[in-house]
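Every read-out reported here was derived from the displayed coordinates using simple, explicitly stated rules and does not represent laboratory data. Bear in mind that the values here come from a model prediction, so they are computed numbers and not experimental data. We place every Cβ from the backbone using ideal geometry, glycine too, and count neighbours over all the protein chains shown.
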Amino acid sequence: MAGELGDARTLARVASVTDRDQLDQVVQDTLERFGRLDLVFANAGIACDPPTTVLKMQETTFERIIEVNLLGVWRTVRACLPYIVESKGHILVTASIYAYVNGLVNTPYAMSKAGVEMFGRSLRSELAGTGAAAGVLYPGWVSTPISHSAMGGHVIAAALVRLAYPGPFKAPITPEVVAAATIRGVQRRSARIMVPRRWAPISMLRGIFNPISDWVIDRHRGIHALVRELERKERG
């Protein structure tokens, strides 16, 4: 992609969102090259692979996911924030439908995405009136490696998705669909970018939906059996 745009319009750099010094250097390189910073997209994220429960998960795995998904967003935004305010630019952070649906067997991912959502919402309110803005992207299931386990790459995880998500809510979309929605949302400086849109009512009604879905999961013997099977395989 950088090659298609040409060297005059691009600057490719590598940095880890777990390393603030590296992020600061990327920001400085950007400012030296282009003179200003107008848009930040904090999109780094990882998930449990293979999925497992809190009981069976390695502590290092749990903490690594929080480190990348939540603190990585914080570090990325914080490194850029003064320059975004100066340019009256825009910040976009990637949450997920997991910001508001049950995080069964992917708890640190869901936990981090709920945190990212609140970070983006709070930041937008703090920036109100400055000319700068922030928004939150909420993708559903997307056909990328991060969803491979849930979409059939892991037998138990895929079975849980089939039981827990009705009809169209378990159907994945392509990265191109997410990209198009993201571009439209950034151009409008939208507070929320829901993609696909079928998830918007669930988010809006989460105060009703969440207790009901939790109640169903708590009483669904098929889901219970799959979770216990997942733990037995992890133990093995």
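Inter-label distance, V85 to H220: 4.4 nm, where each label sits 7 Å from its Cα along the C-beta direction.
Label positions at L163 and D29, each projected 7 Å from the Cα along the C-beta direction, are separated by 4.7 nm.
Charge dipole of the chain (Cα centre as origin; +1 on each Lys and Arg Cβ, -1 on each Asp and Glu Cβ, all else neutral): 860 debye, rounded to the nearest 20.
Summary of the geometry: segment 117-165 and segment 1-79, compared by the centres of their Cα atoms, lie 16 Å apart.
Placing a label point 7 Å from the Cα of N43 along the Cα-to-Cβ line, the residues of segment 95-113 whose backbone N sits under 13 Å from it are 95. From its DSSP helices (H runs of at least four residues, each -39,500 (n - 2.57)), the chain gives a residue-normalised ellipticity at 222 nm of -16000 deg cm²/dmol.
Where in the chain are the DSSP H helices whose C-alpha atoms run 27 Å or more along the long axis and whose mean Kyte hydropathy is at least -1.0? Mind showing how you got there, number by number?
Working: long enough: 107-127 (30 Å, -0.22).
Span-like helices here: 107-127.
Could you list D21, D38 so that the one with the fewest beta carbons within 10 Å of its beta carbon is first and the one with the most is last? Ascending number of Cβ neighbours within 10 Å: D21, D38.
How would R124, R221 line up from fewest to most surrounding beta-carbon atoms within 10 angstrom? Arranged by neighbour count, lowest to highest, R124, R221 become R221, R124.
A Gaussian network model of the chain, with springs between Cα atoms under 10 Å, assigns the largest mean-square fluctuation among S149, S96, S16 to S16.
Ignoring solvent entirely, what values of log10 I(q)/I(0) come out of the Debye formula for segment 27-95 at 0.16 Å⁻¹ when each Cα is a single scatterer? Normalising to I(0) and taking log10 leaves -0.62. When the charge dipole of the chain is built from unit charges on Cβ atoms (+1 for Lys and Arg, -1 for Asp and Glu) and taken about the Cα centre, the candidate among A42, T30, A180 whose Cα reaches farthest toward its positive end is A180. Both numbers refer to the Cα atoms of segment 2-235; Rg and Dmax are 19.0, 59 Å.
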